[in-house]
1. Under the rule of -39500 (n - 2.57) per DSSP H run of 4 or more residues, summed and divided by the residues of the chain, what mean residue ellipticity at 222 nm is obtained, to the nearest 500 deg cm²/dmol?
2. Give me the extension gain from ARG332 to ALA8: residue separation times 0.36 nm, minus the current Cα-Cα distance, reported in nm with one decimal.
3. Would you kindly state how much longer the chain becomes between ALA24 and ILE302 on full extension, computed as 0.36 nm times their sequence separation minus their alpha carbon distance, in nm to one decimal?
4. Can you list residues whose amide H is under 5 Å from GLY40's amide H, if they're 5+ apart or on another chain and H is modeled 1.01 Å from N?
5. Set the Förster radius R0 to 30 Å, insert the Cβ-Cβ distance between ARG117 and ARG87 as r into 1/(1 + (r/R0)^6), and round the FRET efficiency to 0.05.
6. In whole Hz, with x marking every Gly and Pro, tabulate ³J(HN,Hα) for the stretch 152-169 from phi via Karplus 6.51 cos²θ - 1.76 cosθ + 1.60, θ = phi - 60°.
7. In degrees between 0 and 90, to the nearest 10, how far off the longest principal axis of the chain does helix 222-238 point, with axes built from Cα atoms?
8. Between ARG219 and LEU35, what FRET efficiency comes out of the Förster formula 1/(1 + (r/R0)^6) with R0 = 25 Å and r the beta carbon distance, rounded to 0.05?
Amino acid sequence: MSDSEPMATVAVAAFDVRELARGAKHTLALDIAPLPGGEGLRLPLLAAVGAEPGPTVVVLAGIHGDEYEGMLVIPQVFADLDPTALRGRVLMAPVCNVPAFVTAQRSSPIDGLNLARVFPGDSHGTITQRIAYWLGRKVIAEADLLIDLHSAGLAYHIPTLVGYYHADTEAGRASQRVARHFGVDVLWGHPDIAPGRTVSFATERGIPWVYTEAPGAGRARPEDVAAFTRGVWNSLRVLGMVEGTVEPVAPAHHLLGSGDLDRSIAANAGGLFVPAVALLADVRAGDVLGEVRDPVGRALEIVRAPVPGVVISMRGLLRVHPGDGLFALTGRA
Ligand SMILES: [Zn+2]
C-alpha cells in the first residue's frame, strides 16, 4: 500500500494493530464518535508495519491543538519509511486532538478539556475523554517506546528540548538512552509525572517515553521540524528498527524536575507581561523575572523567583489575565 492511497476509516473498537498487513504502510482514520454535524470524529493514524517483527514505536502530535511542529514531522517520517526495510511497527497519530486543531486552541472547544490531563480517558465520557481512552488503549498501550511531540503552542515560550522519564528502572533507563541519542542538546529528566498525561499513561504500563518542546508560538521553525524528524529517526536507530548508528549528544543543559508546567509562577494582575530574563537562565530566589504593566506602562506587579532555578518556560502571549502562568523553573541534573 502506498501512502498516497485514501484514508481507510476503521471503527476504533474493532481496530487491532496486529491485523495490519506486514511490509506495508497504512493510512487510517479511527472513527471515535459521531459529531452533531453528522460527520464522525476521526483520528488520523499512519502505520508503517515492517516486513520483520520488532518493537512498536508510537509517535504522537497535536495532543495540544496549537502545536504544529510534530504535525509536520509525522507525515515526513511516514513518507520516508520503507516497510520492507523496517523491523517492527511505527504508529503515528499526527493530530490527536482534532477539535482543538480545528480552532487553533490548546484544549478542546467542545468540552474544554486538555487532552494531556485526561488519560486514561473514558469510553463513555466527553469527546476528549473518548479520544484519550481509544488512543491509550488501541495505540499507546501497544508501544515499546512513546514519542510525544509537543511545543510551546500559542501562549507559552519553551526552548527546544527533549523530556524523558528519569528513573532507575528499565523504562527509565530506556527513556534516558533515547533522549541522549535524540539529537537535541537540552535534556529535561522527570523523576515523577503527574497523572492524566500520555507519558503518565505510558509510565503506569512500564513503557519508556520521551517528549519534545520547542518555542512554538503558532509557527513551526524549520530547525525544530528538522530536529524532531531527526530525533524520531535516531530513536528508530537506537531500537535497531532501521539501519544506521547514532552517537549520543553531549547535553548543553541537563535539567531535572517535575515538568509540571501547571504549577508555574502565576500573574496576580492582568495586563501586559514584560519578561526580564531569558529561557535557560539561572536565577536566584528573589531575582526579578519580569513585570506586568497596565495600559499606560506602570508596573502593576514585579514578578520574582520564589526559589532558585533555571527558567524552563515563560509566557509567550504577552496579554495576561490574573492567574495566567508566567514562568516555570526547574533544576539542573
Ligand atoms: Zn503540548
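Bear in mind these aren't lab numbers, they're just calculated from the coordinates by the rules spelled out. Keep in mind the model is a prediction, meaning the values are calculated, not measured. No Cβ is skipped: glycine too gets one built from the backbone with ideal geometry, and neighbour counts run over all protein chains shown.
1. -5500 deg cm²/dmol
2. Taking 0.36 nm per residue and subtracting the Cα distance, the gain is 112.0 nm.
3. Residue separation times 0.36 nm, minus the Cα-Cα distance, leaves 94.3 nm.
4. LEU35
5. Efficiency computed from Cβ-Cβ geometry: 0.30.
6. Working through the residues one at a time gives 6, x, 6, 9, 10, 9, 9, x, 5, 8, 10, x, 8, 7, 9, 8, 8, 10 Hz.
7. Computed tilt is about 50 degrees.
8. 0.30
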